[in-house]
1. Report ³J(HN,Hα) in whole Hz for each residue of segment 206-215, in order, from the Karplus equation J = 6.51 cos²θ - 1.76 cosθ + 1.60 where θ = phi - 60°; Gly and Pro get x.
2. Out of these labelled values of log10 I(q)/I(0) by the Debye sum over Cα atoms at q = 0.10, 0.12, 0.16 Å⁻¹, (i) -0.49, -0.68, -1.08; (ii) -0.61, -0.83, -1.21; (iii) -0.54, -0.76, -1.23, which was calculated from the coordinates shown here?
3. For the Cα atoms of the chain, what angle does the longest principal axis make with the long axis of helix 29-43, in degrees from 0 to 90, nearest 10?
4. Pull out the extension gain between W58 and L180, defined as 0.36 nm times the separation in residues minus the alpha carbon to alpha carbon distance; nm, one decimal.
5. Can you pull the one-decimal nm distance between simple spin-label points at W152 and F78, each 7 Å off the Cα toward Cβ?
6. Probe of 1.4 angstrom, ligands and nucleic acids ignored: what's the accessible area per residue over segment 1-111, in square angstrom?
7. Which angle from 0 to 90°, rounded to the nearest 10, does the C-alpha axis of helix 50-64 make with the longest principal axis of the chain?
8. Where the accessible area of segment 119-194 is counted over protein heavy atoms with a 1.4 Å probe, how much of it, in %, is carbon and sulfur?
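The values are calculated or read from the model by the stated rules, or taken from the named source; none is laboratory data. Note that the structure is predicted; figures quoted are calculated from it, not measured. Glycine gets a Cβ as well: all are built from the backbone with ideal geometry, and neighbour counts include every protein chain shown. When the accessible area is computed, the model is the full protein with side chains, heavy atoms only, and any ligands, DNA or RNA have been set aside. Shrake-Rupley method; radii C 1.70, N 1.55, O 1.52, S 1.80 Å.
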Amino acid sequence: LHVFVAQFAVGGGLYLIWMERKAHKEQSTELLQWVAGHTRFFLLLTMVFGGLSGVGIWLTISVVNPGATAMLIHNFVFIWAAEWFFFLLEVISLLIYQYSFPMVLDGRMDPRTHMRIGLIYAVAGYMSLVLINGIVAFMLTPGEGLHSGDIWDGFFNPSYIPSLVLRTGICLVLAGMFALFTTHRIASPAVRRMAVRLSGLWVAIPFLFLLAGSAW
């Protein structure tokens with residue numbers, strides 16, 4: 001459950017700023033209002049449920065296999081530190097992005113400034129994926145990391161890049177899928193149709209990355 005929501009958090013950041021840019025380009029206030037509402041749903045699901053379930057993972061693995069958990073922490077301590085930094089940046093930037101949306105809607109904030117804040121969240125989210133992916137892939141295919149003891153041999157293991165391609169595809173697909181759950185709130189049929197069509201592209205096109213990563 002946590003991984004499912006966490007991967008939505010990564011892809012959703014890119015989706016939000018892309019849809020906000022589309023709303024400004026089309027000068028569609030209704031589409032922009034929907035993006036604002038979807039951002040609130042996004043924040044509650046990813047930060048509240050995602051954060052709590054993340055704590056649950058640490059509790060579970062430390063009970064099931066404390067030795068393996070300790071090994072992962074000690075071997076990749078600086079990777080974890082970097083990931084926690086990016087996670088903190090995610091939390092701060094997403095909160096600012098969400099709670100400054102009314103200022104965009106009433107013209108008090110430049111849309112470009114708001115989208116830059118969203119871009120900080122999107123980059124931080126993807127960097128979290130880049131870092132966590134190395135550790136998760138190490139558990140599956142440690143490669144030379146077990147023999148050399150070198151952190152980089154373990155991190156850039158045989159399945160690192162293929163799984164990063166796979167997870168990137170999953171993240172983007174989930175962004176489009178979750179958007180389709182909330183597009184029914186758009187009152188205008190024309191705007192709703194546009195939002196559904198664009199969200200559908202976020203499911204269809206990244207699915208090719210998912211297939212390529214799976215095959216690799």
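1. Result, ordered by residue: x, 4, 5, 5, 4, 5, 5, x, 5, 5 Hz.
2. Derived directly from the coordinates: (i).
3. 30 degrees
4. Working: separation 122, 0.36 × 122 = 43.92 nm, distance 3.13 nm.
Going from the current span to full extension adds 40.8 nm.
5. 1.0 nm
6. Details: 5950 Å² over 111 residues.
Dividing the accessible area of segment 1-111 by its residue count gives 54 Å².
7. Approximately 20 degrees, to the nearest ten.
8. Numbers: 2570 of 3590 Å².
Roughly 72 percent, rounded to a whole number.
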